[in-house]
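Asker: Handing you this structure, nothing more for now.
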Amino acid sequence: MSNYHIKHLEEYYQVYRKSVREPEHFWEEIAEEHFLWRKKWDKVLEWDFTKPEIKWFEGAKLNITENCIDRHLATRGDKTAILFEPNNPEEGAEHITYRQLYHRVNKFANVLKEQGVKKGDRVCIYVPMIPELAISILACARIGAIHSVVFAGFSATALATRINDSDCKMVITSDGSYRGAKTIDLKGIVDEALESCDNVETVLVAKRINSNINMKEGRDKWLQPLLDKASDQLKAEVMNAEDPLFILYTSGSTGKPKGMVHTTAGYMVYTAYTFKNAFQYREGDVYWCTADIGWITGHSYIVYGPLANGATTVMFEGVPSYPDFGRFWDIVEKHKITQFYTAPTAIRALAKQGVELVEKYNLSSLKVLGSVGEPINEEAWHWYNDNIGKGQSPIIDSWWQTETGGIMITPIPYVTPTKPTYATLPFIGIQPCLMDENGEELKGNQVEGRLCIKYPWPSIARTIWGNHQRYKETYFSAFNNKYFTGDGALRDEVGYYRITGRVDDVIIVSGHNLGTAPIEDAINEHPAVSESAIVGFPHDVKGSALYGYITLKDVGESRNHDNLRIEINQLISDRVGPIAKLDKIQFTNGLPKTRSGKIMRRILRKIAEKDTSNLGDISTLLNPECVQEIIDNAL
Ligand code: 6R9
């Protein structure tokens, strides 16, 4: 029997040791007992990090949608698979059962086939958070087409770059989308993008906001009439274990976005297994991840991981602030959410609103709280723990990346004792290590360095679409025979990991390497501070000095800024050391962020260096408007 469900710490250590000692045997058992295969593998793992080449379950044949849908029909046909919560609460939630999902995915897949999509073709999905988004993803997977989801809200330029990079022949979109009180003209953005995409033959358009849009003759087709005519039966395409399942572009904080390629079998096994354990998922739970599916978090932990476990997964179309800042908690109460997974940026935004909007709701159904996307600062961790979890629901601070496909370092709730700001222990099968600048591994505890992974895990991205050389250079060249994450981390006295931020963001002040997270964490402890970001700027004596951009809570408005500067530096001095004191502090109304909530320090660094001539592509920012304000008030 494999250890599919880990229930206590002793068991974690035992299973972890087994997974490291005999990785192939371990994953083979998991794969064998918990998934549906058309044919089993010939070889569990083949790998070479120098090429790099990684293959899991070679020779196996399967279809991931049979694992996510078909196999649940006998026992869970009438169970809700996807629980859709619309932007406007008055519209009412929609429950899509596993049987309905089966029929809807088959219909959609038949439409794709009819429109000429074949196995291996790339399909760009630019759809807001409505059921058609999950259904179109699964429909692609069912016929073996490679989906490339682009966050619906990215600009026409960002969309066109991604369509062209992976040479998509079809785009799936909707007439428009709702975002709080606003509507967005998605189809208009697609039209603009397609002016520079010659290879797109077909655009399928779902109706969401009933707006008046242009339909280009011969190219654009309304989805619904095609679905109405299509059969709800379809035999799933038999895929090889290593056939690409999807391409997803990384947030691209530097340079051209990278189309990370994930393949079928390993991705399925790892996302399903991590979902089960990292959220301690049990039958009957109602799980909600607030991420957008346009982000890896949504791929792995709204769609594939939960559905592979036969879970009920919530898809939320709206925003945390609409109709008011109590919306998340309203949804938790209404659907009796058991696991809630969100990002630190959302937690900080909600904490800023005060607790009155939380206290109105009954949150007693919650068992597990999750955080992902950035380091969660201590202040936000406690707010989340005290006000949302009421001290009863463990917080899993889960560290991972688009490239890793699934959660890599995380506490297992009710198993691993948590520690604020620490992602704690590696997940089963994950072998992290810390490296110094000379390429030596830092052994033992209480060390800090560059976070690498020594051994392949099933859901590691296999390449960058169309650019294997870049894949090699970015992830496998910095350290010999290791996957380099690009993040810095420290390991404490008991072996817990804390992520200190991107290594590109490390600042060297008077010869000391300073990670951004611990300093920002200290700043955020100040009661008047909502969020902060620090960057370096050139300094005659110290080499680099620190520049802090700080957003205050509303209560800060009336505070004397000079006093605040002194208090904040005092806090940094106490928590991190006088070396980390800020030379410049600029108070801002907002910080530039990616759609998944990551602060774009690259832009802030340029502003601090007074080099604003070329800020790079800011069109994928959540809040591009704050950039000009920051430039205007720069110190
Ligand atoms: C899943 C996701 C990856 C980068 C990663 C790291 C940061 C994610 C984190 C975290 C500290 C956590 N990150 N989770 N940092 N603690 N719990 O976010 O993927 O969008 O590719 O970003 O996000 O810097 O390298 P992706």
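The values are calculated or read from the model by the stated rules, or taken from the named source; none is laboratory data. This one's a predicted model, so the numbers in the text were calculated from it and none came from an experiment. For neighbour counting, all protein chains shown are included, and Cβ atoms are generated from backbone atoms with ideal geometry for every residue, glycine included. Surface accessibility is based on the protein's heavy atoms, side chains included, excluding ligands, DNA and RNA. Shrake-Rupley method; radii C 1.70, N 1.55, O 1.52, S 1.80 Å.
Asker: Determine if segment 596-611 includes at least one residue that is assigned to a helix (DSSP H, G or I) and in contact with a Phe, Trp or Tyr (Cβ under 6 Å, 6 or more places away or on another chain).
Answerer: Within segment 596-611, one or more residues are assigned to a helix (DSSP H, G or I) and in contact with a Phe, Trp or Tyr (Cβ under 6 Å, 6 or more places away or on another chain).
Asker: For segment 265-285, state whether one or more residues are at pLDDT 95 or above, part of a loop (DSSP other than H, G, I, E, B) and of a type in the set (A, V, I, L, M, F, W, C).
Answerer: yes
Asker: Do you know which residues across segment 379-397 are more than 13 Å from the ligand (Cβ to nearest atom), farther than 15 Å from ILE337 by Cβ and assigned to a helix (DSSP H, G or I)?
Answerer: If the condition is that a residue be more than 13 Å from the ligand (Cβ to nearest atom), farther than 15 Å from ILE337 by Cβ and assigned to a helix (DSSP H, G or I), then GLU379, HIS382, TRP383, ASN385, ASP386, ASN387 are the ones that fit.
Asker: May I ask you to verify whether TYR455 is open to solvent by less than 20 Å² (accessible area, probe 1.4 Å) and more than 12 Å from the ligand (Cβ to nearest atom)?
Answerer: No: the conditions fail for TYR455.
Asker: Tell me which residues, restricted to segment 459-482, are within 14 Å of the ligand (Cβ to nearest atom) and open to solvent by less than 40 Å² (accessible area, probe 1.4 Å).
Answerer: Scanning segment 459-482 gives SER459, ILE460, ALA461, ILE464, TYR475.
Asker: What number of residues within segment 42-85 are open to solvent by less than 30 Å² (accessible area, probe 1.4 Å), closer than 21 Å to ARG462 by Cα and in contact (Cβ under 8 Å) with a residue 60 or more places away in the chain?
Answerer: 12
Asker: So which of ILE376, ILE409 is farther than 30 Å from GLY326 by Cβ and either of a type in the set (Val, Ile, Thr) or away from the ligand (no atom under 16 Å from the Cβ) (or both)?
Answerer: Just a single option satisfies the conditions, and that option is ILE409.
Asker: Can I ask one more? Return the pair list, or none, for Cβ contacts closer than 8 Å from residues in segment 4-23 that are at pLDDT 95 or above and of a type in the set (Gly, Ala, Ser) to residues that are surrounded by 14 or more Cβ atoms within 10 Å (Cβ to Cβ) and in a helix (DSSP H, G or I), at least 6 apart or on different chains.
Answerer: Correct list of pairs: SER19/PHE26; SER19/TRP27.
Asker: Here's another thing I want to ask about it. Across segment 343-373, what is the number of residues that are within 16 Å of the ligand (Cβ to nearest atom) and either touching a residue at least 60 places away in the same chain (Cβ under 8 Å) or over 17 Å from ASN524 (Cβ atoms) (or both)?
Answerer: Of the residues in that region, 10 qualify.
Asker: Going by what's in this entry, would ILE572 be described as open to solvent by less than 10 Å² (accessible area, probe 1.4 Å) and either outside any helix (DSSP H, G or I) or away from the ligand (no atom under 16 Å from the Cβ) (or both)?
Answerer: Against the criterion (open to solvent by less than 10 Å² (accessible area, probe 1.4 Å) and either outside any helix (DSSP H, G or I) or away from the ligand (no atom under 16 Å from the Cβ) (or both)), ILE572 qualifies.
Asker: Evaluate segment 483-506: report whether one residue or more is more than 15 Å from the ligand (Cβ to nearest atom) and assigned to a strand (DSSP E or B).
Answerer: The answer is no; no qualifying residue exists.
Asker: Based on this model, can you work out whether GLY318 counts as within 14 Å of the ligand (Cβ to nearest atom), open to solvent by less than 40 Å² (accessible area, probe 1.4 Å) and either free of Cβ contacts under 8 Å to residues at least 24 places away in the same chain or not β-branched (Val, Ile, Thr) (or both)?
Answerer: no
Asker: Are any of the residues in segment 157-176 of a type in the set (Val, Ile, Thr), farther than 25 Å from ARG219 by Cβ and open to solvent by 10 Å² or more (accessible area, probe 1.4 Å)?
Answerer: no
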